[in-house]
Amino acid sequence: MLRLTKKADYGLMSLKFLAERPELAAQSAKDIADAYGIPPQLLAKILQRLAKVGLLRSHAGINGGYSLARSAGQITAFEVIRAIDGPLFITSCDNGLRQCDLNDSCTIKEPLRKVNDSIAEVLKALSIADLCESEESLQRQSARHATGFGTTLVTLSRKSRPEATGSRVS
């Protein structure tokens, strides 16, 4: 199964956290880490990386921290994942670093390249704002179906949605 790294998960969670609090000028790495139970030192490194590539702004000083460099609707999940983990490759033959021994006889290289491209396109179409809206939509569904069979359906739909778990790409 394809999975995002913990670092990519933490990066996406952090940007979603910031997007949900636009009224605050900046949030410290510690505040974000505390909100999700993420190791603060690891999160600080992730946030520094995201600031370095221009997805976050770093604010110095006593009220410093991090804020989104662009609106949540203009930052994609693909950008965050690529900034943290590098290029997206589901197979080692497609990463350009080394040549596979079966390259000449491989019958699945092209279909897997298409899968890789499809995953990349989905991630490019998913903005941080979309992640926020998905959560709000699930909360509204839960409120409408708070009793009986409706609760079971909402719970099942959450388990099968990538944005609900934060760790599945497929």
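The values are calculated or read from the model by the stated rules, or taken from the named source; none is laboratory data. All values derive from a computational prediction rather than experimental measurement. Virtual Cβ from ideal backbone geometry, glycine too; neighbours counted across all protein chains shown.
Please work out if A77 is among the small types (G, A, S), in contact with a Ser or Thr (Cβ under 8 Å, 6 or more places away or on another chain), modelled with pLDDT of 95 or more and closer than 27 Å to D117 by Cα.
yes
Would you confirm whether or not region 49-67 contains a residue that is of a type outside the set (A, V, I, L, M), in a helix (DSSP H, G or I), buried (at least 18 other Cβ atoms within 10 Å of the Cβ) and in contact with a Leu (Cβ under 9 Å, 6 or more places away or on another chain)?
no
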